[in-house]
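The values are calculated or read from the model by the stated rules, or taken from the named source; none is laboratory data. These figures come from a predicted structure and were not determined experimentally. In this analysis, Cβ positions are derived from the backbone assuming ideal geometry, glycine residues included, and neighbour counts consider all displayed protein chains.
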Amino acid sequence: MTDDRQRFSFAYRPGDITCRPGCVTDLDATMARHDWDRALVVCGQTVGSTPAVMDPIRDGLGDRLAGVFAETTPEKYLGTAIEGVERARDVDADVLVAVGGGSSLDVAKVMATLTTHDADPRAVGERAVADASLSVEAGDPLPVVAVPTTLAGADLSTVAGVTFALGPDADRPASGGVGDERLMPRALCYDADLFRTTPTNVLTASAMNGFDKGVEALYTRNSTPVTDGTAARGLRLLRSGLPTLRDDPMDADRLDDVLAGIVCVQYGVSTPGAYKLSIIHAFGHGLSRTADVHQGAVHGVVAPHVLRYLFENVDGRRDLLAEALGVDASEGDVAEGVVAAVAEVRDALGLPDRLRTLDGVTRTDLDDIAARTVEDSLMATVPTDLDPTVEDVRGVLDAAW
């Protein structure tokens, strides 16, 4: 019987990827190669005030550094992106260099989105807040360069999240996103020296989020032979490196494994019309939209339980997952071996294993969380023949409680 997965389309155009210690020293050469002259660094206040991060960035950009916009926050308010575009215009920037975690990269992409509009960015933003929607128009977006310092694996992506509010005073603002192939970073620099500056608890939580991208890329209905290869290789590298992430100092070779693994697991995930994140990430969204919890911590708790539910109902490509995670398929239940391997990664990262231990999550929230999870757009990518109901999801949440 022909496996339909071998018949596929794969449209994916990532930016230039560099993964090695000290690669930010080459930012000037990257700028020159793309004919960019004036870079605006986009980051949060913590990163912007950390010399161990910013000094190498400044040295790497040299005379091409036009300014620093250190105002991003985890909330990713549209108002922040508006202010960022105004700053970019003030310094005549022709490229945005996003440094830090996913919030800074998302804000930079939303800034780039605003620059595709002919109208004034503040007017565009205010209209988008009113409509709870922001489109990517026909104009050329400011290009984005990504310099990640966390491991969530959302860098090689054409999408970005945004909160439709001008600032923190908004009452229950809507959350949403923007997406377009032109928002893919044109260059990405994974510099081990910068990752060493990130607090360990931030790094480990983000790593679970990134790790789950590789898991989901294998069983999503949108999987391809290309992403099977990159995801499986990435999971093997992460299985090797993640257990040492809390060592002080981090082992250089294992950190190299982690960074290469994070690149591999997210490679090809963000493809138009065939996104490859799935049910675990839907649970993460359902929880984070109900309580103020870190996605990585949520993933650590729910991933083993979601996988157990998955394997009870469909094959879930358990043999391929077992191979990628180093599970001996000849010994016992392969599905339980995969679940145990994922839990071992979670435990090695020192993450919580029960929902009841997460601040802000109460048992009375679980019905709302279940409903939000089932409604999440990523439920459309679950394996064929899996049809999660609110009752199913509530059962998983109860098991994780």
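Odds and ends about this structure:
- Members of segment 228-256 that are of a type in the set (D, E, K, R) and more than 27 Å from residue 311 (Cβ to Cβ): 246, 247, 248, 251, 253, 254, 256
- Residues being surrounded by fewer than 15 Cβ atoms within 10 Å (Cβ to Cβ) and in contact (Cβ under 8 Å) with a residue 60 or more places away in the chain - total across segment 317-348: 1
- Selection within segment 381-401: residues that are assigned to a loop (DSSP other than H, G, I, E, B), modelled with pLDDT of 95 or more and β-branched (Val, Ile, Thr). The member of this set that is farthest from residue 273 (Cα to Cα) is 389.
- Here residue 150 does not fit the description of being of a type in the set (S, T, N, Q), out of contact with any strand residue (DSSP E or B) (no Cβ under 7 Å at 6 or more places or on another chain) and either modelled with pLDDT under 95 or surrounded by fewer than 21 Cβ atoms within 10 Å (Cβ to Cβ) (or both).
- Candidate set: segment 277-316, residues that are at pLDDT below 95, assigned to a helix (DSSP H, G or I) and of a type in the set (S, T, N, Q); chosen: the one surrounded by the fewest Cβ atoms within 10 Å (Cβ to Cβ): 288
- Checking the stated criteria, residue 246 turns out not to satisfy the condition of being touching a residue at least 12 places away in the same chain (Cβ under 8 Å), of a type outside the set (A, V, I, L, M) and surrounded by 16 or more Cβ atoms within 10 Å (Cβ to Cβ).
- Restricting 119, 128 to those that are without any contact (Cβ under 8 Å) to a residue 12 or more places away in the chain and over 30 Å from residue 258 (Cβ atoms) reduces the list to 119.
- Residue satisfying condition, being assigned to a loop (DSSP other than H, G, I, E, B), of a type in the set (Gly, Ala, Ser) and in the same structural domain as residue 307 (by TED's automatic domain parsing), within set 229, 268: 268
- Odd one out for residue 194, checked against (1) assigned to a helix (DSSP H, G or I); (2) over 29 Å from residue 254 (Cβ atoms): (2)
- With respect to the stated conditions, residue 39 is surrounded by 24 or more Cβ atoms within 10 Å (Cβ to Cβ), farther than 21 Å from residue 166 by Cβ and assigned by TED's automatic domain parsing to the domain that holds residue 160.
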